[in-house]
1. Answer with yes or no whether A:E149 is charged (D, E, K, R), within 24 Å of A:A69 (Cα to Cα), open to solvent by 10 Å² or more (accessible area, probe 1.4 Å) and in the same structural domain as A:H211 (by TED's automatic domain parsing).
2. How about the stretch B:360-414: which of its residues are in contact with a Cys (Cβ under 9 Å, 6 or more places away or on another chain), farther than 20 Å from B:S304 by Cα and either of a type in the set (V, I, T) or more than 16 Å from the ligand (Cβ to nearest atom) (or both)?
3. Determine whether the stretch B:397-414 contains at least one residue that is touching a residue at least 40 places away in the same chain (Cβ under 8 Å), open to solvent by less than 90 Å² (accessible area, probe 1.4 Å) and either under 30 Å from B:S33 (Cα atoms) or in contact with a helix residue (DSSP H, G or I) (Cβ under 6 Å, 6 or more places away or on another chain) (or both).
4. Residues of the stretch B:73-91 being in contact (Cβ under 8 Å) with a residue 40 or more places away in the chain, surrounded by fewer than 22 Cβ atoms within 10 Å (Cβ to Cβ), more than 7 Å from every other protein chain (Cβ to nearest Cβ) and not in a strand (DSSP E or B), which ones?
5. Which of the residues spanning the stretch B:33-59 are in a helix (DSSP H, G or I) and at the interface with chain A (Cβ under 9 Å from one of its Cβ atoms)?
6. When the residues of the stretch B:314-341 are narrowed to those that are near the ligand (Cβ under 8 Å from one of its atoms) and within 14 Å of chain A (Cβ to nearest Cβ), which ends up nearest to B:K111 (Cα to Cα)?
7. Please find, within the stretch B:301-313, the residue that is nearest to B:I56 (Cα to Cα) out of those that are open to solvent by less than 10 Å² (accessible area, probe 1.4 Å) and more than 9 Å from the ligand (Cβ to nearest atom).
8. Mind checking whether some residue in the stretch B:259-272 is of a type outside the set (K, R), away from every other protein chain (no Cβ under 12 Å), within 16 Å of the ligand (Cβ to nearest atom) and crowded, with 22+ Cβ neighbours inside 10 Å?
Amino acid sequence: MSGSARSEIFAHLREAGRGESEENIQRERLSLGSASAPAPPATEICQAFILNVLKNQGSVACVNNRAEAVQAIAHYLYPHFHNYRLVTGNDPRLAAMPWRDAGVLPRFGSLEAGEPVALSFARLGVVETGAAVTWTSKANPAANNFLPEHHIVLVDKNDLVPTMEKAWERIHHALEKTGRPRGINFIAGPSSTADIEGELIYGAHGPHRWHVVLLGDVPVDAQNIARAAQRNQC
Amino acid sequence: MEQHSEAFLDNASKALKNGEQAQRRDRITSLASQIRAAAVERFEEFDGLKHHIKKIRQHSLDNLDYYLSQFEKEAVHNGSQVHFARNSEDLNSLVLDICQQHDARRVAKGKSIVTEETGLNSFLQSAGLSVMETDLGEYIIQQAGETSSHIVSPALHKSANEIRELFQQKHDLGARELRETSDLVVEARDVLREHFLQAEVGIIGANALIAENGYSMLVTNEGNGDLCANLPRVLIICTTIDRVLPLAEDATAMSRLLARSATGQLQSCYTSFYSGPRREGEIDGPLETHFVLLDNKRSNILSSDYREILECMRCGACLNHCPIYNSVGGQAYGSVHSGPIGSVLTPLLTSLEHSHLLPNACTSCGRCAAVCPAEIPLPDLLRDLRHEEGIKKLSAPRWRYGLKLHSWLARHPSIYQTLAAISIRILYQLGRKRGGFSKLPFASGWTSQRDFPVPQERTFTQLYKAKMKQSNER
Ligand code: SF4
């Protein structure tokens, strides 16, 4: 059925179409250029990213290096869970972190029932939308992004890009080497719903808390914004 | 596509009597409109972006055969299987075939208006499958056995109380009371979590297809679509052929308009791109990914004067801003699509004969066109459909004769003005003392909701003429 359906549908489309050559079509698309992006909420890139993450109802911790990242994660875990356990993918970048120094006990793999918190290492952070970009792989099981109650994402300052257009440039470039994954996810905040009388509730299906750990040389002003917000959120 | 739009007038009359529902609808849609307005205002380049996306959409539709086959090639390259469906029957049986090949018994569904259009759920259920909607709003109406009342919030017509009662009936609650809205959400989350984990097949829709890399784009806030896409063994993505955009950046640029117009966000919580099966070494994800691409008259619409309707991005803004939608609610339309977009799309996807009342559900106020991020001239398309309705003589004779009479009068201004002056004078004389009419012949619909105000003694034209005469004499 699908075969004949295909030819019927394409026959209709060809009738309706302009019958341009591939070259002309591509040239026309090129001439349309790229879209305009919204202005960032601050000129400094970390500050803008943090402000948008907060807007998406995420929380942010800023850290200078991997040792501090592990400490920050421990600080996040204990008040919520009274332990230092989390699940994370088999990402070599995460395996190499000094977990023991802060007493954090990662389990490497995919989230299972009864495990409330997972950590992912973002490939990119998109300033425009306050989003973390991940893609599926051996090192990044999808369940870790969508099933936990708390989702912690590590974003390297060097991986921040201003817009979604720039994000695609980086993604396509990275995928040239590895081939395309089956899923690419731009995640911007905890899972939410307003389906009952328009009231906004977090934790519809996925995480009800979304915590970003921004790693790198983050300017003090940006750090202060994150810290002030955390104090308010506590 | 199942539709009951013939009953629009009866449904609308009934809906007008449900004041509580109307108030709730008004509250939610006004809130959505305000949030949208604030988000659009913050984005200075919003209009520029609208024009850009309009050009991209037109370019894609102009060359749809090219882009659709490019999409197909790339999706297959990613390891997906691509199927084409001419109509609802094709889509439903393609999906059932895939489920049966995998001995599937349970299906978890993300929100997909396309499969509502084809009636997929009841088709799969009659073949013995258990099908669970997982978007919270869709889940609620599925449990209640009702249809969607809003493109973005399908259960907008239901109060939290009604939903609580529904869960009390359908779920084994024990001692749990579900007092707060958040309790209701957690309850649904727990029930659906089980289903996600057991389902063998996940079905999702797509907001766009990307020709350059063969991915679909799915935009959600709940993340249910992502669970459907990642947990079951088989993923089926159902969408229509007109959703293709040339580049990945075109899809995310469109999502800028969509997120702001629908919910005022910078980006919905999850903007996800899927294509192909689990890759080597991965521990989760589907073993097979299928795209089922539906035509269902879209290729006809493409070569008609209504082609712009295919540029709709399903944001719901036209519903939120429509006085008719706000008065009668989505279910009155008797179709999967309601509001201004539904009033154009339903006749095109079914037949004008069965749904000609819908294009009349319009006051020509123009608010829908003003807020539509796809710049679709909805009032013009509705007028064109009414014009067709007139040519085909589909409306009741008394309407047609009434309109003929009106058009004759409009072309004879002196008679029109004389008659208007007489009737205004009569109304003035009759109502002068009472201050308003609670009943009027031929206007019982109007007076059922409010009093008809008493007009002034003379018409505007009479006053204007008198004024002109005075100033000429001076
Ligand atoms: S017609 Fe326009 S406003 Fe209405 S849902 Fe579609 S894109 Fe949104």
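The values are calculated or read from the model by the stated rules, or taken from the named source; none is laboratory data. Bear in mind that the values here come from a model prediction, so they are computed numbers and not experimental data. When we count neighbours, we look across all protein chains shown, and the Cβ atoms used for this are built from the backbone with ideal geometry, even at glycine. When the accessible area is computed, the model is the full protein with side chains, heavy atoms only, and any ligands, DNA or RNA have been set aside. Shrake-Rupley method; radii C 1.70, N 1.55, O 1.52, S 1.80 Å.
1. yes
2. Matches in the stretch B:360-414: B:T363, B:V371.
3. Scanning the stretch B:397-414 turns up no residue that is touching a residue at least 40 places away in the same chain (Cβ under 8 Å), open to solvent by less than 90 Å² (accessible area, probe 1.4 Å) and either under 30 Å from B:S33 (Cα atoms) or in contact with a helix residue (DSSP H, G or I) (Cβ under 6 Å, 6 or more places away or on another chain) (or both).
4. B:K73, B:E74, B:V76, B:H77, B:G79, B:N87, B:S88
5. B:R42, B:F46, B:G48, B:L49, B:H52, B:I53, B:K55, B:I56, B:H59
6. B:G316
7. Checking each candidate, the answer is B:L310.
8. Yes, the stretch B:259-272 contains a residue that is of a type outside the set (K, R), away from every other protein chain (no Cβ under 12 Å), within 16 Å of the ligand (Cβ to nearest atom) and crowded, with 22+ Cβ neighbours inside 10 Å.
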